[in-house]
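For reference, the structure is listed below as structure tokens.
Computed from the coordinates by the stated procedures, all read-outs in this text should not be read as laboratory data. Nothing here was measured: the structure is a model prediction, and the numbers come from that model. Cβ placement follows ideal geometry from the backbone for every residue including glycine, while neighbour counts extend to all protein chains displayed.
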Amino acid sequence: MASRNQIALIAGTLFLLGVGLTLYKAFSLGFPLLPGEYREVWTIESKISFTPRKDQPIQVDLKLPEPLAGWVLLEEHFASSGFGFTVADENDTREARWTRQSLDHSTTLYYKLQAYRPSSPELDDMPPTPVKKPLLENDQAAAMERLIALLHEQSADTDTFVALLVTEFNKDNQDRDAEFLLGTFEESPRVVMLAVLAYAGIPAHEIRGIRLEDGRRRQTLSSLIEFHNGERWVVIDPETANTGMPANFFVWQRGSGALLAVSGGTDSDLQFALVSNSLPAKAVIGMEQRAHEYALLDFSIYALPVEQQGVFKVLMLIPVAALVVVVMRLLVGLKTSGTFMPILIALAFLQTQLVTGLVLFITLVGVGLWIRSFLSHMNLLLVSRISAVIIVVIFMMATTAILSYKFGLDRALTVTFFPTIILSWTIERMSILWEEEGFHEVFLQGGGSLLVAVLSYLVMTNRIVEHLTFNFPELTLSLLAVILVLGKYTGYRLSELYRFRDLGKQ
Amino acid sequence: MIKLISPRRLEELGILGMNRRYVVFIGKYNPRRNYRLVDDKLLTKKAALENNIPVPELYAVIEAQHQIARATAALAEHEAFVIKPVQGSGGKGILVITGREGDQFRKSSGTLISAEEVRRHLSNTLAGLYSLGGRNDRAMVEAMIQFDPYLEKYSYEGVPDIRVIAFKGVPVMAMIRCATHASDGKANLHQGAVGVGIDIATGKSVRAVQHGHLVTTHPDTGANFDELQIPYWDRILDLGSRCVEMTGLGYLGVDIVLDKVRGPVLLELNARPGLAIQVANMAGLRHRLAIAEKIAAETDDHHKKIALARQYFGVHA
């Protein structure tokens, strides 16, 4: 048969292509075939926005982060449409510089980097820096002396002195002198604290960086204070007085001074969008070493912005779920309501978790069927009937969300991840099925759909499947080949071995 | 433990499975463009009339909601009639009215319903409740078949219909579906109707099956299936083969009823006929389909095909 050979040829080619590329990546480029150890890779997108002054040349300088405290920078991208762009080395720090003759509208510049932290050592030691006493008004100097004397009295060493200082400035009812200093400096407590430390002769400076929160947008710069206690440098949080480098802190710059300088513009602002992504450790190292050596890696999903990577992570799982549906229908012969409805339900389960998802789904469809039976008596035209069901479904989702929130069942809030239209159609189909074929058939098809959905969910959440589909998207070609071949399967379904079970008995 | 039959045994019996039916027969021999003629019962009826194939008389077609009120009034002149969705599937949405009682209509089961209920049924039909894929549909009103009294004792509250599977113009397998009390007057085997396999050569019954088990008598009427001999068998085979020629569908299910006066009448056609006919005959389709393929290759003559089919597929000598 010509079409059979054709399919065999196409499927064979696709299969070999997928497996071949996978093996090449695995053995030649060192991508791990099995998940192994995962690394948390952060993508930090810095957004510089400002309003330019009319007819003035613009220069934007951004100090770039240095790999400090164990952080490794993987990739950097600069977006600079219409701007001249250079990266310059100035006094040992790198600076990105955007320049332009003039600009008549406010604009945004982007700098994106990917970073991960294989180990978390302390910051490198360095000799204590010379202390420069701040210039103060007489009353300020007097207040500072009194405050320092008070703190000295209560503390045993430099460490406790600084801790007390930070606590003092974060208290609700502050010492009169601290309150006075804050009032006259007209600066953030951090700056005042640094001034007090300088006045007391303790070497100290700021550490600028970003508190990492996954999915966070519009994050702004944060600061820590680092001081020298006579033996070594100590990091302290100027708000909580906790010492040591926080785990979720990306160090941008060690030392005071502005990160961003914009000349020829006003209202400049620096914000960060953050996404974290778990990647296999070996792949991260591979990226680090060879990101620019191999075109293939440049065209992998890793080349995308991390938000899109997240989308593809889910998208690449759908073919696997489709394979589950194909196998369950063509080989097993399960009846489902709507061919790919189980996949959509399984995708919702990914958000809600399995048990919550099942309970929510069965509740929604059950109550939906009950309400739908009232609609049935009203003798409505089909389109308005389904529209009515959609509205009922949305109300049920809202009710579930509100009730669960009131009762503190946060899990059930994920009810919103169920696709409304699909739920409505499911309810409609089940309802008609009930009227025509009876409950037995509803149970059979509903059960079949749920079983396929649960199986798809289990496959999609499997660590190895997740790892393979994301890191080796070319395997989807092999999957396509399998699906093509199954489309030509002419053997019996498992259900038929049951259906025709009595035929052999004559 | 659920009892299953081994795939090898099914293979030996030549049972046709769903996958093979789609890939090998429906996909290959039934071109998509010819489906319309089969799925739309009005088109089927029109084509049948052009080909001199007898069909039930058409009383009315209702296409829009606003026609419903007038239509029910117009139906007053007919004592008995059948309402069907034009694109219905699997016998859904068929309402059989056998007579009147004052203002009320009597269903085939004997229950009386009001004109309002008939109108609601028409409205649901137009909304697509009973149709393929839930599409908007039309309703057609046909004459009720006065079925042959000979078959009366083999069916409970319903019209027994004869299904013939024809492949490339060769009748391959046949059965008659007899409604029972359990099947609620419907001729669906999985709802408990009795399927009686019919010998292609003679029109006599081969065996009768209900719920997958052999039976000898009708559970409600007590009629003995062994004595069943379908009348007008020559004409039924001829009709089945002609439908293949009419539709251009190589693999076709033909549903036929026997009218008291007119003999075999075409009820509907099916481009994806089910596999239950194998259960009713306790035999597989595959060997027969292979033979039919040979017969069709040997001759193009309509009568020769039927003659050869009767020769090869005969069970009763």
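What to note about this one:
- Calculated SAXS-style log₁₀ I(q)/I(0) at q = 0.13, 0.16, 0.18, 0.20 Å⁻¹ - the range A:138-254, Debye, Cα scatterers: -0.51, -0.75, -0.92, -1.10
- Residue by residue along A:485-497, Cβ atoms of other protein chains within 10 Å of the local Cβ number 5 on average.
- Given charges at beta-carbon only (K, R positive; D, E negative), |dipole| of the range A:138-254 in Debye: 580
- For B:Lys153, B:Lys41, the sequence from fewest to most other C-beta atoms within 10 Å is B:Lys153, B:Lys41.
- Pairs of Cα atoms nearer than 8 Å and 6+ residues apart set the relative contact order; for chain B it is 20 percent.
- When only the Cβ of Lys, Arg, Asp and Glu is charged (+1, +1, -1, -1), the dipole of the protein assembly as shown relative to its Cα centre reaches about 4500 debye.
- Taking other C-beta atoms within 10 Å as the exposure proxy, B:Lys28, A:Lys488 rank B:Lys28, A:Lys488 from fewest upward.
- For the residues of B:122-131, the average number of beta carbons from a partner chain within 10 Å of their own beta carbon is 3.
- Amide N proximity, the range B:131-171 versus B:Glu63 label position 7 Å along Cα-to-Cβ, cut-off under 18 Å: B:135-142
- The relative contact order of chain A comes to 21 percent, based on Cα pairs under 8 Å that sit 6 or more residues apart.
- Extending 7 Å from Cα along the Cβ direction at B:Asn224 and again at A:Val311 yields two label points whose distance is 7.4 nm.
- Cα-based equivalent ellipsoid of the range B:58-143: semi-axis lengths in Å, sorted from largest, via gyration tensor: 20, 14, 11
- By the count of other C-beta atoms within 10 Å, a proxy for reagent exposure, A:Ser404, A:Ser155 are ordered fewest to most as A:Ser155, A:Ser404.
- Residues of the range A:45-88 with an amide N closer than 13 Å to a point placed 7 Å from the Cα of A:Asp267 along the Cα-to-Cβ direction: A:49-54.
- Partner lysines whose Cα lies under 23 Å from the Cα of B:Lys46, excluding those fewer than 8 positions away in the same chain, are identified as B:Lys84, B:Lys92, B:Lys168, B:Lys260.
- Cα shape, chain A, gyration tensor, a/c 1.5 rule: prolate
- Chain A - mean residue ellipticity at 222 nm from DSSP helices (-39,500 (n - 2.57) per run, n ≥ 4, rounded to 500): -15000 deg cm²/dmol
- The charge dipole of the range B:25-164, taken about its Cα centre with unit charges on the Cβ of Lys, Arg, Asp and Glu (plus for the first two, minus for the last two), comes to roughly 720 debye.
- Reduced Cα scattering model of the range B:56-106, Debye log10 I(q)/I(0), q = 0.14, 0.26, 0.27, 0.29 Å⁻¹: -0.39, -1.22, -1.27, -1.33
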